[in-house]
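Comments concern the structure below.
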Amino acid sequence: ARQAAMEAGVTLLDPGTVYFSHDTQIAPDVVIEPGVYFGPGVNIAKGARIKAFSHIEGADIGEGANVGPFARLRPGVKLGAGVKIGNFVEVKNAVFGPKAQASHLSYIGDADVGARANLGAGTITCNYDGFSKYRTRIGDDAFIGSDTALVAPVTIGARSRITVVETLAGQQP
């Protein structure tokens, strides 16, 4: 599988450390860094880059998307063109519109993320109340600031801006 991928135009930076499932589909001009694991049901469009030590299963990765390092994509993920999923980001059953990004330290589950939306570090979609799972909807061009917990079901409108301001005792915000 590794040799066939490379012959088809996929760049594997350290082929012996990349593991494919029987049904992994990768377009030409994709770069895969060391230590990447692909479970069943992965499709990757041309020009994407999968960075080191990422774990991906049941995901469709759009053209020119960047994933990782240390990212986890679980089943039901669909990333649009130019999406960025950064280090220590876990995504499950979520759709990211073109050029949306979650760059670091986040959990995005059961969500629809609009085009060009930016999810700051520590963003969490709280999708389970102990009985049922709910969806979070984030509109196009929304900005979700660092350390934000979005408790579903919730809809964040297009061009919305959410910021969390914390100050130390005695300091002015």
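Below, the figures for the structure above:
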| item | result |
| --- | --- |
| Residue tally, condition surrounded by fewer than 21 Cβ atoms within 10 Å (Cβ to Cβ) and either within 17 Å of the chain's Cα centre (by Cα) or in a loop (DSSP other than H, G, I, E, B) (or both), over the stretch 120-148 | 20 |
| Any chance A117 is within 11 Å of the chain's Cα centre (by Cα), farther than 20 Å from G39 by Cα and crowded, with 21+ Cβ neighbours inside 10 Å | no |
| Near pairs, Cβ below 6 angstrom, 6+ apart or cross-chain, from the stretch 120-132 (under 22 Å from K84 (Cα atoms)) to any residue that is open to solvent by less than 30 Å² (accessible area, probe 1.4 Å) and not small (G, A, S) | G120/I144; T123/I144; T123/T148; T125/I108; T125/T136; T125/L150; N127/D110 |
| Scan of the stretch 68-79 for residues that are open to solvent by 20 Å² or more (accessible area, probe 1.4 Å) and either over 21 Å from L105 (Cα atoms) or not in a strand (DSSP E or B) (or both), ordered by number | P69, F70, R74, P75, G76 |
| Filtered residue count, the stretch 87-110, keeping only those that are touching a Lys or Arg at 6+ places or on another chain (Cβ under 9 Å), over 19 Å from F38 (Cβ atoms), among the small types (G, A, S) and assigned to a strand (DSSP E or B) | 3 |
| Any hit, the stretch 60-67, residues being within 19 Å of N87 (Cα to Cα), assigned to a strand (DSSP E or B), among the charged types (D, E, K, R) and out of contact with any Asp or Glu (no Cβ under 8 Å at 6 or more places or on another chain) | yes |
| Flag if D110 is open to solvent by 60 Å² or more (accessible area, probe 1.4 Å) and at pLDDT 95 or above | no |
| Close pairs (7 angstrom Cβ cut-off, 6 or more residues apart or separate chains): surrounded by fewer than 22 Cβ atoms within 10 Å (Cβ to Cβ) in the stretch 47-62, acidic (D, E) and modelled with pLDDT of 95 or more anywhere | G47/D29; G47/E63; K51/E33; A52/E33 |
| All positions within the stretch 5-35 that are among the small types (G, A, S), loosely packed, with under 14 Cβ neighbours inside 10 Å and outside any helix (DSSP H, G or I) | A8, G9 |
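The values are calculated or read from the model by the stated rules, or taken from the named source; none is laboratory data. What you see is a predicted model, and the numbers here were worked out from it, not measured in a lab. Virtual Cβ from ideal backbone geometry, glycine too; neighbours counted across all protein chains shown. Ligands, DNA and RNA are stripped out before the accessible areas are found, and what is left, the full protein with its side chains, is counted by its heavy atoms. Shrake-Rupley method; radii C 1.70, N 1.55, O 1.52, S 1.80 Å.
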